[in-house]
Amino acid sequence: MDSAGDHGCDLVLLPEMSLTGYRPSAAVALDHPSVTELVAATAGAPAMCFGLVEADSTGGQPFITQLVAEHGQVVAIHRKAHLGEGEDTDFQPGAAAEAFMLADANCVVAVCAEIGTAEPYAQPGAGLVLGPSAPGLYGDRRRTDADWRRGWDWWRGSVIDDAARLLRRDQVLVVSTQAGATDDEDFPGWAAVLEPGGTVTAELPDWREGTLIVDL
């Protein structure tokens, strides 16, 4: 957040599950101290879009949630409506994404698998599509640069294809993806800005952790 503020950024976009990690057992409520601390941190800094496993107050399966905060207040909550492969055994879907204003831009959130669905792009007036992601690289663990490159190429190609199909002429897609290995899963770590037709106008060079600073 300090670095983003130093660069004059309006928004920090963090990946899906960025706060809690990708485990249903790590679910927290939206009034958890770690959540409220991040929201409060936006009072004198850029806005932030971050992800967590959200506990269901009724005792049901948790949600995959992205929370957007600006000026120390929550301005949008999106619970992933279109779950990815295998996620429906551990999580429940939320409602379809709705557009919201942030830093004078009309935005909508499309979490990971939702990047490939039409609903977020169809929101009236939504010009900036935020794509926080954490796509697992299934199969054998990545042990060489070539292994990581194949996973990164797959995810990059998938998002480019989705952008080519779905982005309207007045929209931009910004993607932020979990990077590296956990104890049981690998993530491809791509951050990028895409324009209509699937054109990549800015991106990190590979699967490693990094920060992408862009002027839209």
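Tabulated values for the structure
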| read-out | value |
| --- | --- |
| Cα→Cβ-extended label distance, 7 Å offset, between THR182 and ALA96, nm | 3.0 nm |
| Cα-only Debye scattering, the range 40-118: base-10 log of I(q)/I(0) at q = 0.22, 0.23 Å⁻¹ | -1.02, -1.08 |
| Stretch gain in nm, segment ASP88-ASP56, where the contour uses 0.36 nm per residue and the Cα spacing is subtracted | 10.1 nm |
| Percentage of interatomic Cα-Cα distances in the range 2-203 larger than 31 Å | 15 percent |
| Spin-label pair ASP140/LEU216, simplified geometry with 7 Å Cα→Cβ offset, distance in nm | 4.0 nm |
| Residues whose placed amide H lies under 5 Å from that of ASP186, excluding near-sequence neighbours | LEU137 |
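Every number in this text was worked out from the coordinates using simple rules, so none of it is lab data. Note that the coordinates shown come from a computational prediction; the quantities given were computed from them, not determined experimentally. Positions of Cβ are backbone-derived with ideal geometry, glycine not excepted, and every protein chain shown enters the neighbour counts.
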